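The values are calculated or read from the model by the stated rules, or taken from the named source; none is laboratory data. What you see is a predicted model, and the numbers here were worked out from it, not measured in a lab. Cβ atoms come from the backbone with ideal geometry, glycine included; neighbour counts cover every protein chain shown. The accessibility values were calculated without ligands, DNA or RNA, using every heavy atom of the protein model including side chains. Shrake-Rupley method; radii C 1.70, N 1.55, O 1.52, S 1.80 Å.
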Amino acid sequence: MNFEIIHFRNAENILESKNMIHDVTITCEYLLDCLAGTAYRREILRDALDAMGWREEHVSLNILPGRRYMYKGVKGKIAMDGNFSSYEYLHTGLLRLQLGYDKGTVESGILLLTSARSEKSPYGSTLDMLEDEMRMLFPTISLPVSICLFDLGEPTIPEDN
């Protein structure tokens with residue numbers, strides 16, 4: 001089990017200029033440690049991002065004013081969103097991050113995704129498919145974004161005793 005961070009549209013330069021490359025890497029390492037093999041990831045993810053400083057009280061997580069849609073975390077105008085149950089969240093997550101980028105509330109985004117896909121998928125590796133999709137989504141999705149692909153293993157559900 002591991003993770004891989006792939007940067008698109010100069011996202012790495014933005015993170016570097018904000019001295020956040022190391023912060024993003026250790027956040028991903030912590031998320032991997034917390035989430036690997038777990039079944040109930042939503043609450044654990046929220047707690048882990050809170051512990052890593054991505055959910056500060058004074059920073060708004062709202063995507064659109066007056067709506068309940070929220071990013072998973074925000075730090076230094078870098079928004080983090082994601083979903084570990086489906087790679088296809090790529091499109092939803094990118095749209096959510098793009099909204100903040102277009103409104104000027106986000107300088108760059110980080111998208112957390114599972115690298116797991118169906119064994120029946122005719123597309124090569126998840127990384128190859130991701131790179132192709134990011135090319136095809138431009139210019140509609142134009143924000144600088146780092147995508148973190150996680151292999152969290154199969155979730156185990158605790159048995160009741």
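For this structure, a couple of remarks:
- Of residues in the range 34-84 being touching a Phe, Trp or Tyr at 6+ places or on another chain (Cβ under 8 Å) and in a loop (DSSP other than H, G, I, E, B), the one nearest to Val24 (Cα to Cα): Met52
- Those residues of the range 119-151 which are out of contact with any Ser or Thr (no Cβ under 8 Å at 6 or more places or on another chain), of a type in the set (Phe, Trp, Tyr) and under 18 Å from Thr92 (Cα atoms), in sequence order: Phe138
- Filtered by the rule that a residue be surrounded by 15 or more Cβ atoms within 10 Å (Cβ to Cβ) and touching a Gly at 6+ places or on another chain (Cβ under 9 Å), the range 39-58 gives Leu45, Leu49, Met52, Trp54, Arg55.
- Count of the range 1-37 residues which are surrounded by 14 or more Cβ atoms within 10 Å (Cβ to Cβ) and in contact with a Pro (Cβ under 6 Å, 6 or more places away or on another chain): 3
- Listed by first and then second residue, the pairs with beta-carbon distance under 6 Å, at least 6 apart or on different chains, first residue in the range 25-40 and within 20 Å of Thr156 (Cβ to Cβ), second open to solvent by less than 20 Å² (accessible area, probe 1.4 Å), are Tyr30/Ala48; Leu31/Ala48; Cys34/Ala48; Leu35/Leu152; Ala36/Leu152.
- For Gly100, the requirement of being more than 24 Å from Glu29 (Cα to Cα), part of a helix (DSSP H, G or I), touching a residue at least 12 places away in the same chain (Cβ under 8 Å) and touching a strand residue (DSSP E or B) at 6+ places or on another chain (Cβ under 6 Å) is met.
- The one condition in (1) surrounded by 12 or more Cβ atoms within 10 Å (Cβ to Cβ); (2) on the phi > 0 side of the Ramachandran plot that Arg96 fails to fulfil: (2)
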